[in-house]
Structure formats: structure tokens, C-alpha cells
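Working notes, structure below.
The values are calculated or read from the model by the stated rules, or taken from the named source; none is laboratory data. Predicted, not measured: the structure shown is a model, and the values here were computed from it. Neighbour counts are summed over all protein chains in view; Cβ atoms, including those assigned to glycine, are modelled from backbone coordinates with ideal geometry.
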Amino acid sequence: MTTLNFSQHQIPTVQDLLRDDTRLVPPVLLEESAPNLGTQEVAREVFFSQEYHDIEVDKLWKKVWQWACREENIPDVGDYIVYDIADLSVIVVRSKANEIRAFYNSCLHRGTKLCLEDGNVRALRCPFHGWTWKLNGTLAHIPCQWDFEHIDENDFSLPEVKVATWQGFVFVNFDPSCEPLEVYLENLPEHFQYFPLKDRFSAGHVAKVMPANWKVTQEAFMEAYHSVATHPQILKFTGDVNSQYDVYGRHNRMITPFAVQSPHLGTQLDQQALAEALAAFEGADLAEVKVPPGVTARAYAAEGARAKMLNQLGVDCSKFSDTEMLDAIQYFIFPNFMPWVGVGAPLQYRFRPNGNDPNSCIMEVLLLLPCPPQNRPPAAKTHWLTADESWTNAPQLGGLGEVFDQDTSNLRRIQQGLKASAKSRITLGRYQESRIRHFHQVLSRYINHPG
């Protein structure tokens, strides 16, 4: 594909687009935070070194708050999920109607993993010898207890992992002396008061083992710079180069506008053609797309998205801004969680190591849709794709399945190419890849922290 050369200052910014929004835009989206992060390169070994992975387990995964599940995944007392990260495993259980606990997933007798799959139980019972714990973690039963008179039952409660909830997400932290979650999140609670994800439901959950390191995979979704080469089919309606990148303390954000043509394509489509391009991607009937004179494709598409939400879900989105109805507003919560706050692009990403293999990872996509008050549908079960299966086999993803397949093809080549490279470090752009640079700067602080 032949594309145009242009400077950053020649194209409309996200802020330019937001000034033309037909609704009131949440004030946090009108803010920018793009400090100069320098141009330091990143050592390629961090993406495939087994030694580096082992350090990450000790210095990162055992120290950070990480999303384990949604509260709606464990709605009833006794509901639990198993959350694994590398060799670590946690049982997150609803122990009371208003209480969630998290325990190390290991029997205190001889170490057997207590749970392998999500489920509902009255008590946590080891399948090996039958040792049993109550849902609050206290020891309930030891078969042949006469043979264990030497143990103090008060010392045999299941060891707990720190647990906290925010916006309907359940987080865990293996560090008993960790800072509170609300402190860890820094400025994000202020931002998310405008985006109540707690009120949404899980309409889809797709997971797949990807052929690259978790950081390689995650970083493919932290910039829109790759769109021109990897996803040419979306350029007619995606403002890839127009994207805004913001960085904060640990966390960061990207806003990529839709119903905007990529500057790479040069000659602009008229508003009707632009709206048709977006509608085609979404699988809509093009015969029904009719942009009135004087109306932009963004305003038209946003109004269509509001009507769709009302008709399909019974949700009134009349007060939501165009940007919330259309755009990819993607936050990043360090180290591996990407919540999108828009209504029209309701994705949530999570990336984590695939066991202890530094050359593969688990990628998950959650669809969080709004729902009428007092009428929350049950959370969707996880749809696991095989490693060789196409993302298009998950129909709940719509046109994104093809996009993810294109990314997957790249990731395999990146993982292989990093090992084959004669260059010891990777190079990043100053602005469009600033979130990746910021991520590695924060990661380095954890890895290099003493102790």
C-alpha cells in the first residue's frame, strides 16, 4: 500500500474531534499527558529470556495488583474461580453474600492443587485425602484426625492472598504488605467515575494461547501505528495516526477515533462513503445508511450506535458523547490489563504468561456491555480457542476476529525475529509508541527494585 508523507501537525487531533462532539464530553477525555520519555531502547532478551521470566515472577507478578475475575463471575455464595499466573494459583471465592476471599490454591497437607476449574462448592476439599476447609479458609475436617494430633488447627487455615474490588473487577495481590488497590490505581478512580464499568455485564469472553511473549502480545495493542501495514481494511474509518497517547504514573491511555479516515489514505471520502465503510465493517445493511446533508459521519454513526443500544439492550445512551459511542478509549492498568471505557467499543484485554513459557502467553478479550438496571444478564462463559484456531471462530467478536488474526500472524514473526536479530535492542517511536516505552520504564522499576 502506498501512503502519504505528512507531519503530525498536519492532521486533526483527538482534541479537535472532541470539540465537535454533539454531546458533553467527559472532562477527563479533554486532558492530555504526554511528557518526554526520551528515546531509550529496550533489550530484546526481555521478550524471550527464561531467566528474565523467572525474575518477573518474583519481582512483578508477586508484587502487583492484577485482575483475576469479575464480581459477576462469582455471584452466589460458594462460587469460585481459579486464577493462574506462571506457577502461582489462587482460588477466588464468594465466601459470604457480601464477601470475597482469595486463597493459595494448595492443600496444606501435601500440596495438592485444591481446584482445577471454576465452580461452586460448600467447602474447599482436597481430592487427594479429603482435607476440607470452610469458605472462610478455616480448617473444617481432617480424615483420621487422631493421626494429626501434633498439628494446631488454628495454624492450618488456608493462607490468604490480598483481594480487592473496583468497577466490578476482582483484583488479587500476592504481596501481604502491598499498598491498597485504590492507591495503586493512582488517578484512574477519578477518571472512571465517568465510566461506571461496574454497571455493565460480560456479554462475551474469548481466550486463546498466543505464539509470543506476553509483553510482545500486549504491546501490539498499545499503539495504532501498526494499523497501516497490518489492518489496511480498517483505514477508511479509523483515525490511526490521529490517536492520542497519554501516560501517568504506572498507567496510561490511548484514544483512537473511529468514523474518521486514516490520514494515510490522502483524498478524503465524503461523509456518506465514510459512514458506509464503518457500517460494512460492523456487518450492517448499507442500504439503510443515509447520512443527512450537513451531518458528519461521526455524528451519524454515534446516533446509530445509540439507537442500536436502545433497541437491542434497552439501554438509553442519549447522554453519552460521540466519542464514548464510537472510539477506542483504552486505558492500561499496569502490568497487563487494558479496560476500554467506551460504550460502542466495550473491550477489556488481559495478557499473562502461559505457565512458565516465555515464548507464549494467554490473551483474553472480554466484552462489557451496558444493561438496564435490575436486569443484568448472566456473565458469559469463557470461550477458549485452540492455539491454531482462528479468532473468527468466536462470533461474538464480529469484525474484530479478522483483526486479531492479523495481529496473531505478526506476533509469531516478532517472537521468532527477536531471537534471530543481530540488533541487541528494539527501537520505539517518541509518541506513537510512547505507551510501550512508558510500560518498560515502569517494569524496569519493579525488576530492579531491591529485595
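Going through the stretch 80-116 one residue at a time, which ones are assigned to a loop (DSSP other than H, G, I, E, B) and either closer than 28 Å to Cys144 by Cα or modelled with pLDDT under 95 (or both)?
Pass one, the stretch 80-116, residues assigned to a loop (DSSP other than H, G, I, E, B): 86-87, 97-98, 105-116.
Scanning the stretch 80-116 gives Asn105, Ser106, Cys107, Leu108, His109, Arg110, Gly111, Thr112, Lys113, Leu114, Cys115, Leu116.
Closer than 27 Å to Leu418 by Cα, outside any strand (DSSP E or B) and either under 15 Å from the mean Cα position of the chain (by Cα) or at pLDDT 95 or above (or both) - does that describe any residue in the stretch 197-209?
no
Among (1) under 29 Å from Phe201 (Cβ atoms); (2) outside any helix (DSSP H, G or I); (3) in contact with a helix residue (DSSP H, G or I) (Cβ under 7 Å, 6 or more places away or on another chain), there is one condition Asp246 misses while meeting the rest; what is its number?
The failed condition is (3).
How many residues are closer than 25 Å to Val365 by Cβ and either assigned to a strand (DSSP E or B) or free of Cβ contacts under 8 Å to residues at least 60 places away in the same chain (or both) when one looks only at the stretch 313-338?
Taking the stretch 313-338 and keeping what is closer than 25 Å to Val365 by Cβ, we get 313-315, 317, 320-338.
With the extra rule that they be either assigned to a strand (DSSP E or B) or free of Cβ contacts under 8 Å to residues at least 60 places away in the same chain (or both), the set shrinks to 313, 315, 317, 325, 328-333, 337-338.
Selection size over the stretch 313-338: 12.
From the list Val46, Val77, which one is in contact with a helix residue (DSSP H, G or I) (Cβ under 6 Å, 6 or more places away or on another chain) and either closer than 27 Å to Asp155 by Cβ or not in a loop (DSSP other than H, G, I, E, B) (or both)? Spell out the reasoning first.
Numbers: Val77 fails: in contact with a helix residue (DSSP H, G or I) (Cβ under 6 Å, 6 or more places away or on another chain).
Going through Val46, Val77 in turn, just one is in contact with a helix residue (DSSP H, G or I) (Cβ under 6 Å, 6 or more places away or on another chain) and either closer than 27 Å to Asp155 by Cβ or not in a loop (DSSP other than H, G, I, E, B) (or both): Val46.
When you scan the stretch 372-415, how many residues do you find that are buried (at least 17 other Cβ atoms within 10 Å of the Cβ), out of contact with any His (no Cβ under 7 Å at 6 or more places or on another chain) and in a loop (DSSP other than H, G, I, E, B)?
Result for the stretch 372-415: 1.
Can you work out which of the residues in the stretch 268-312 that are more than 15 Å from Met325 (Cβ to Cβ), of a type outside the set (D, E, K, R) and not in a helix (DSSP H, G or I) is modelled with the lowest pLDDT?
It comes out as Gln268.
Yes/no matrix, rows are residues, columns are (1) touching a Phe, Trp or Tyr at 6+ places or on another chain (Cβ under 6 Å); (2) β-branched (Val, Ile, Thr):
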site	(1), (2)
Val172	no, yes
Glu182	no, no
Gly204	no, no
Pro211	no, no
Thr217	yes, yes
His226	no, no
His231	no, no
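Among residues belonging to the stretch 15-43 that are outside any helix (DSSP H, G or I) and in contact with a Leu (Cβ under 8 Å, 6 or more places away or on another chain), point out the one that is surrounded by the fewest Cβ atoms within 10 Å (Cβ to Cβ). Break it down into steps so the answer makes sense when it comes.
If we filter the stretch 15-43 for residues that are outside any helix (DSSP H, G or I), which is where we start, we get 20-26, 31-43.
So of that shortlist, the ones also in contact with a Leu (Cβ under 8 Å, 6 or more places away or on another chain) come out as 25, 39, 41-42.
Numbers: Val25: 19, Thr39: 10, Glu41: 13, Val42: 20.
Result: Thr39.
Consider Ala212 carefully, then state whether it is outside any strand (DSSP E or B), in the same structural domain as Pro27 (by TED's automatic domain parsing) and either over 24 Å from Leu368 (Cα atoms) or hydrophobic (A, V, I, L, M, F, W, C) (or both).
Taking the combined requirement at face value, the residue satisfies it.
Taking only pairs six or more apart or across chains, which ones have beta-carbon atoms under 6 Å, a first residue in the stretch 16-42 that is closer than 21 Å to Arg430 by Cα, and a second residue that is part of a loop (DSSP other than H, G, I, E, B)?
Glu41/Thr427
Given the residues Leu418, Leu411, Leu443, Leu366, which is the only one that is of a type in the set (A, V, I, L, M) and either more than 28 Å from Val82 (Cα to Cα) or not assigned by TED's automatic domain parsing to the domain that holds Ala279 (or both)? If you could, list the steps in order and put the result at the bottom.
Working: Leu411 fails: either more than 28 Å from Val82 (Cα to Cα) or not assigned by TED's automatic domain parsing to the domain that holds Ala279 (or both); Leu443 fails: either more than 28 Å from Val82 (Cα to Cα) or not assigned by TED's automatic domain parsing to the domain that holds Ala279 (or both); Leu366 fails: either more than 28 Å from Val82 (Cα to Cα) or not assigned by TED's automatic domain parsing to the domain that holds Ala279 (or both).
Criteria check complete, one pass: Leu418.
So which residues in the stretch 101-124 are within 20 Å of Asn154 (Cβ to Cβ), surrounded by 14 or more Cβ atoms within 10 Å (Cβ to Cβ) and out of contact with any His (no Cβ under 7 Å at 6 or more places or on another chain)?
Residues satisfying the conditions are Arg101, Phe103, Tyr104, Ser106, Cys107, Leu108, Leu114, Leu124.
Looking at the stretch 157-195 only, could you name the residues that are without any contact (Cβ under 8 Å) to a residue 40 or more places away in the chain and under 16 Å from the mean Cα position of the chain (by Cα)? Explain how you work it out, then say what you get.
Our first condition is that a residue be without any contact (Cβ under 8 Å) to a residue 40 or more places away in the chain; within the stretch 157-195, this holds for 157, 166, 176-177, 179-180, 182-183, 189, 193.
The answer is Trp166, and nothing else.
Restricting to the stretch 252-295, name every residue that is farther than 19 Å from Ile329 by Cβ and polar (S, T, N, Q).
Scanning the stretch 252-295 gives Gln261, Thr267, Gln268, Gln271, Gln272.
Look at the stretch 140-192 and say how many of its residues are in a strand (DSSP E or B) and out of contact with any Pro (no Cβ under 9 Å at 6 or more places or on another chain).
The number of residues fulfilling the criteria is 8.
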